[in-house]
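Have a look at the structure that comes next, please.
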Amino acid sequence: IGTCVYILVGAMFILIGNYMHKIKQNYTVGIKLPWTLNSEENWNRTHRMASWLWIIAGIVLILNSFLRTDWILIAAILLSVVIPIGYSYMLFRKGI
């Protein structure tokens, strides 16, 4: 069961990452930070970069289904959330 759960969560990350770059700026779905909602360019760049990270995290989670180490799961999820937030803030500080 654990292996199936890792594979399904990884597939979900890949699926969401595949569609993340297509999300238009809104208040319901996506990386909704004050500075991403303030600038459409910031929104688009952040989601384009985050979509690649989510796809990579999904692949890592599927590969981790065979190793079943918890720290890889936690690291993949944290990095797929923290890096886009930092990138978006960096874009905001640059004035984008």
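Full-extension gain between LEU79 and GLU41, please, as 0.36 nm times their residue separation minus the C-alpha to C-alpha distance.
That works out to 11.5 nm of additional length.
Using a 1.4 angstrom probe and counting only protein chains, how large is the accessible area of ARG48 in Å², to 10?
For ARG48, solvent-accessible area is about 130 Å².
With the radius of gyration and the Kirkwood radius both derived from the Cα set of the chain, what is their ratio Rg to Rh?
1.04
While we're on this one: Share of Cα-Cα pairs in the range 1-41 beyond 14 Å, in percent?
It works out to 58 percent of all Cα pairs.
Roughly how many percent of the accessible protein surface of the chain is carbon and sulfur, given a 1.4 Å probe and a whole-percent answer?
The C+S portion of the solvent-accessible surface of the chain is 71 percent.
At what distance in nm do the modelled label points of LEU67 and MET12 sit from each other, each positioned 7 Å from its Cα along Cα→Cβ?
Taking the simple label geometry, LEU67 and MET12 are separated by 2.2 nm.
Sticking with this one: Projecting each Cα onto the charge dipole of the chain (Lys/Arg +1, Asp/Glu -1 at the beta carbon, about the Cα centre), which of TYR87, GLY10, GLY58 comes out farthest on the positive side?
TYR87
Just by accessible area at a 1.4 angstrom probe, what is the order of TYR27, TYR19, TYR89, TYR6 from largest to smallest? Walk me through the numbers before you get to the answer.
Details: TYR27 180, TYR19 125, TYR89 100, TYR6 30 Å².
Largest accessible area first, the residues go TYR27, TYR19, TYR89, TYR6.
Just to verify a number: what accessible area does ILE56 come out at with the full protein assembly present, 1.4 Å probe, Å² rounded to tens?
Only protein atoms counted, so the area is about 90 Å².
The values are calculated or read from the model by the stated rules, or taken from the named source; none is laboratory data. All values reported here derive from a predicted model rather than from experimental measurement. A quick note on method: Cβ atoms are made from the backbone with ideal geometry, for glycine too, and the neighbour counts reach across all protein chains shown. Heads up: the accessible areas ignore ligands, DNA and RNA and are worked out on the full protein's heavy atoms, side chains in. Shrake-Rupley method; radii C 1.70, N 1.55, O 1.52, S 1.80 Å.
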